[in-house]
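The values are calculated or read from the model by the stated rules, or taken from the named source; none is laboratory data. Only a predicted model underlies this, so the values are computations on that prediction, with no experimental measurement involved. Quick reminder, even Gly has a Cβ in these numbers, built from the backbone with ideal geometry, and neighbours come from all protein chains shown.
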């Protein structure tokens with residue numbers, strides 16, 4: 001049975017068909033026979049007669065087409081106006097007589113690029129219409145077709161058929177060209193590549209190139225001038241009239257959309273012409289060169305030799321010179337040096353008598369570096385001018401440090417990046433000993449370190465994390481555990497602490513945001529109760545806490561304020577939780593943390609880099625101070641080349657350097673090791689203003705309820721009790737309702753966790769009970785530029801919002817009331833859930849979580865319950881532990897009516 005089929009007789013239909021030439025329209029009768037008589041008829045409606053008239057006009061104008069032959073079809077691409085007429089027609093059908101509808105607004109095309117499953121090092125592109133439709137046909141420059149619907153696409157430039165050409169795997173090295181090309185032809189194309197974010201970028205540095213194409217038989221030099229933007233050259237960009245280049249920022253997982261200025265090529269050509277004119281006069285010849293349309297400069301031999309020997313090598317400091325291997329006729333040779341010599345240990349460095357070997361000759365590394373800065377080449381004993389790859393020289397500059405004498409030094413931390421510089425045969429025993437540490441990183445799984453006594457069974461990846469931390473500690477090195485949120489960084493750190501404190505007299509300091517103090521205290525008591533744990537924080541903090549406890553918990557603010565006192569203390573282990581709090585190396589908090597004395601150092605962070613590489617420098621300045629030298633050196637060698645120039649070699653080198661000292665696993669990598677749903681409670685301390693407001697109302701209700709119980713009995717006081725509970729819960733969630741000057745401490749904790757989740761490519765659900773809380777949370781998300789959706793009981797198109805959240809990757813967060821989101825919604829795109837102010841009926845809460853944790857969910861779901869410490873929320877949770885029927889005693893299933901509370905319950909909930 002055909003869908004929406006038409007059964008009227010003596011009716012004309014306009015059928016969309018597609019053959020090898022493309023889509024075309026043909027008029028047919030109700031039996032599908034082609035209508036050859038195209039005259040207007042009274043029984044046809046006005047729209048159908050207009051279409052017939054259009055077809056006749058096309059036939060009459062087509063002098064060179066035999067409409068009786070096989071070329072009689074009216075192809076839409078050649079006559080796109082017919083689609084305007086068909087939009088007004090009620091008898092537009094496909095080949096099965098299914099009616100065709102139109103969607104004229106809100107349509108988007110996405111280009112999704114993933115790693116190829118068939119070829120290593122290749123990428124697979126996929127085109128998706130409106131976030132879900134993969135199989136569609138291109139009808140015209142404006143319309144796409146799928147399943148009896150024509151979709152209008154706005155803002156697309158010439159070349160819609162390019163979309164159909166992106167169907168084959170391509171090498172990963174071509175990614176920038178592919179996405180730049182797509183961006184050229186299709187404005188507003190949504191591009192998704194792995195976990196990269198698409199963002200506007202600055203004008204990228206354009207690198208001028210001198211390409212030695214060839215030296216002909218008459219010794220004429222063919223020199224081509226070009227420019228490069230990242231991996232794309234001038235010919236590619238100009239050939240596609242690119243106004244923007246899409247450049248990968250691998251260090252920050254971003255695709256930067258960068259404006260282009262290709263006029264620089266003319267400046268480069270003019271610069272070379274000036275140089276050539278000068279040398280042309282010196283050799284006293286005319287017409288020694290000419291330029292063709294493709295920016296080739298062809299030089300006669302005499303002028304070519306003058307230019308090469310006196311100018312080209314100097315230009316190598318300004319231009320990227322390619323093809324120097326062709327210059328042997330001019331006594332110029334590209335060489336690849338090797339580092340030779342011996343090393344010995346000198347504190348954090350390997351120091352030695354090291355030289356650079358070039359074509360069998362040995363040179364001082366420092367002399368080579370100085371000579372290259374001056375001339376951009378090295379003169380060999382036979383007069384050959386040796387050209388060294390500029391990237392190689394830059395690596396030498398980064399790695400080898402002068403010791404103010406003939407010796408040079410190599411930092412221990414640079415060993416992973418110098419294998420290609422050093423000749424294997426000159427490895428000394430000292431060098432090999434240092435390399436053993438880096439080789440050992442690859443064998444962490446089998447590292448022989450017994451597990452400490454701890455009340456938890458670590459999952460495989462958590463045990464690996466503990467061994468990695470212990471390996472670094474045994475080698476007196478610091479590291480950052482950067483696991484994704486929810487993978488148990490705290491547990492892995494506590495395991496390390498427990499191992500350290502198997503030896504009596506050790507002292508550990510853990511620094512964190514104030515919102516995590518009580519979570520840490522709870523986790524230590526839970527997993528390692530044998531550890532004496534104290535809190536050094538608050539208005540009445542006492543230094544005796546440091547003396548009386550094994551583990552001391554404190555905050556970044558406390559360290560900043562008390563650093564003059566604390567800098568004299570010695571700690572065996574210092575741990576920074578949420579270590580992005582020291583991302584600004586010049587901030588007072590960061591400077592204070594750096595002054596602490598710790599034998600071993602560890603950082604925990606789901607987002608070790610939030611904005612720029614300066615944050616990475618600050619982190620490692622704490623963990624391993626000798627690793628990067630000064631901030632100026634770091635910026636010269638890594639920060640500027642990577643962030644300003646997108647230097648891929650510098651990126652890869654930095655990755656290799658930090659690889660042993662950052663351990664990061666994401667949920668999808670360890671999914672098999674995880675249960676299907678993980679629930680966690682986050683305890684949060686009230687700020688002073690909120691605490692004052694809460695205590696005022698709690699005290700008021702406490703007195704009033706006891707007074708009414710004495711007068712009327714507990715039965716007649718139940719309504720007043722419910723009022724008290726509701727108001728106190730509201731103050732924990734959105735105190736702004738009662739006092740506009742008071743903010744909830746929960747908001748800061750929630751937004752920080754959401755930022756963490758979003759930056760790690762998770763989708764988030766937030767459930768709350770109050771409309772004001774939704775408004776406040778959405779305001780915070782706006783302030784941080786996080787795309788979100790929100791829903792309350794008043795929302796009409798609930799399914800439309802659900803579809804957006806499920807299919808559109810732009811929307812990272814969905815905020816809604818607990819009961820609105822508790823029934824009938826499929827939200828499996830999310831894997832991270834925050835219950836902002838829990839409903840006391842656990843069933844309602846579970847229903848909300850199960851919007852994400854249900855059939856179709858292929859990832860582990862993490863659910864976080866935010867509880868304000870020392871409030872009604874914490875009291876209820878404690879009662880749940882000791883009184884399993886509390887929810888039944890408090891609130892009926894529908895949450896509408898109060899049930900009987902004892903005076904003992906009321907005393908516990910509302911008492912001090």
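Considering only the range 572-583, I want to know if a residue exists there that is crowded, with 20+ Cβ neighbours inside 10 Å, in a strand (DSSP E or B) and under 25 Å from the mean Cα position of the chain (by Cα).
Within the range 572-583, one or more residues are crowded, with 20+ Cβ neighbours inside 10 Å, in a strand (DSSP E or B) and under 25 Å from the mean Cα position of the chain (by Cα).
Can you tell me which residues in the range 267-296 are surrounded by fewer than 11 Cβ atoms within 10 Å (Cβ to Cβ) and touching a residue at least 60 places away in the same chain (Cβ under 8 Å)?
Passing the criteria: only 294.
Using the structure shown, decide if residue 534 is in contact with a helix residue (DSSP H, G or I) (Cβ under 6 Å, 6 or more places away or on another chain), surrounded by fewer than 22 Cβ atoms within 10 Å (Cβ to Cβ) and within 30 Å of residue 453 (Cβ to Cβ).
yes
Report whether or not residue 154 is surrounded by fewer than 18 Cβ atoms within 10 Å (Cβ to Cβ) and modelled with pLDDT of 80 or more.
It is false that residue 154 is surrounded by fewer than 18 Cβ atoms within 10 Å (Cβ to Cβ) and modelled with pLDDT of 80 or more.
With respect to residue 717, determine if the residue is surrounded by 21 or more Cβ atoms within 10 Å (Cβ to Cβ), without any contact (Cβ under 8 Å) to a residue 60 or more places away in the chain and either closer than 17 Å to residue 691 by Cβ or in contact with a helix residue (DSSP H, G or I) (Cβ under 9 Å, 6 or more places away or on another chain) (or both).
Considered against the rule, which asks whether it is surrounded by 21 or more Cβ atoms within 10 Å (Cβ to Cβ), without any contact (Cβ under 8 Å) to a residue 60 or more places away in the chain and either closer than 17 Å to residue 691 by Cβ or in contact with a helix residue (DSSP H, G or I) (Cβ under 9 Å, 6 or more places away or on another chain) (or both), residue 717 comes out as yes.
Taking the condition assigned by TED's automatic domain parsing to the domain that holds residue 498, out of contact with any strand residue (DSSP E or B) (no Cβ under 6 Å at 6 or more places or on another chain), over 25 Å from residue 231 (Cα atoms) and in contact (Cβ under 8 Å) with a residue 12 or more places away in the chain, does residue 644 pass?
Here the answer is no, as residue 644 does not meet what is asked.
Taking residue 217 and the conditions (1) free of Cβ contacts under 8 Å to residues at least 12 places away in the same chain; (2) assigned to a helix (DSSP H, G or I), which numbered condition does it fall short on, given that it satisfies the others?
Checking residue 217 against (1) free of Cβ contacts under 8 Å to residues at least 12 places away in the same chain; (2) assigned to a helix (DSSP H, G or I), the one that fails is (2).
Select, from 716, 779, the only residue that is part of a helix (DSSP H, G or I) and closer than 30 Å to residue 604 by Cα.
779
Quick check: anything in the range 252-259 outside the structural domain of residue 371 (by TED's automatic domain parsing), surrounded by 15 or more Cβ atoms within 10 Å (Cβ to Cβ), outside any loop (DSSP other than H, G, I, E, B) and out of contact with any strand residue (DSSP E or B) (no Cβ under 8 Å at 6 or more places or on another chain)?
No, the range 252-259 has no match at all.
Out of the helices (runs of 4 or more DSSP H) lying entirely within the range 592-655, which hold 1 or more residues that are at pLDDT 90 or above?
613-623, 631-634
Does any residue of the range 551-571 turn out to be buried (at least 18 other Cβ atoms within 10 Å of the Cβ), touching a residue at least 60 places away in the same chain (Cβ under 8 Å) and assigned by TED's automatic domain parsing to the domain that holds residue 479?
yes
Filtering the range 849-862 down to residues that are modelled with pLDDT of 75 or more and under 22 Å from the mean Cα position of the chain (by Cα), which residue is surrounded by the fewest Cβ atoms within 10 Å (Cβ to Cβ)?
So the residue we want is 859.
Within the range 759-775, restricting attention to residues that are in contact with a helix residue (DSSP H, G or I) (Cβ under 6 Å, 6 or more places away or on another chain) and in a helix (DSSP H, G or I), which residue is surrounded by the most Cβ atoms within 10 Å (Cβ to Cβ)?
Going through the qualifying residues, I end up with 773.
Which of the residues spanning the range 116-135 are closer than 30 Å to residue 803 by Cα and loosely packed, with under 15 Cβ neighbours inside 10 Å?
Residues satisfying the conditions are 117, 126, 132, 134, 135.
Take the residues in the range 587-612 that are more than 27 Å from the chain's Cα centre (by Cα) and in contact (Cβ under 8 Å) with a residue 60 or more places away in the chain; name whichever of them is surrounded by the fewest Cβ atoms within 10 Å (Cβ to Cβ).
599
A quick yes/no check of all residues on (1) outside the structural domain of residue 649 (by TED's automatic domain parsing); (2) exposed (fewer than 15 other Cβ atoms within 10 Å of the Cβ); (3) modelled with pLDDT under 95; (4) in contact with a helix residue (DSSP H, G or I) (Cβ under 7 Å, 6 or more places away or on another chain):
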{"position": "416", "(1), (2), (3), (4)": "yes, no, yes, yes"}
{"position": "420", "(1), (2), (3), (4)": "yes, yes, yes, no"}
{"position": "468", "(1), (2), (3), (4)": "no, no, no, yes"}
{"position": "488", "(1), (2), (3), (4)": "no, no, yes, yes"}
{"position": "499", "(1), (2), (3), (4)": "no, no, no, yes"}
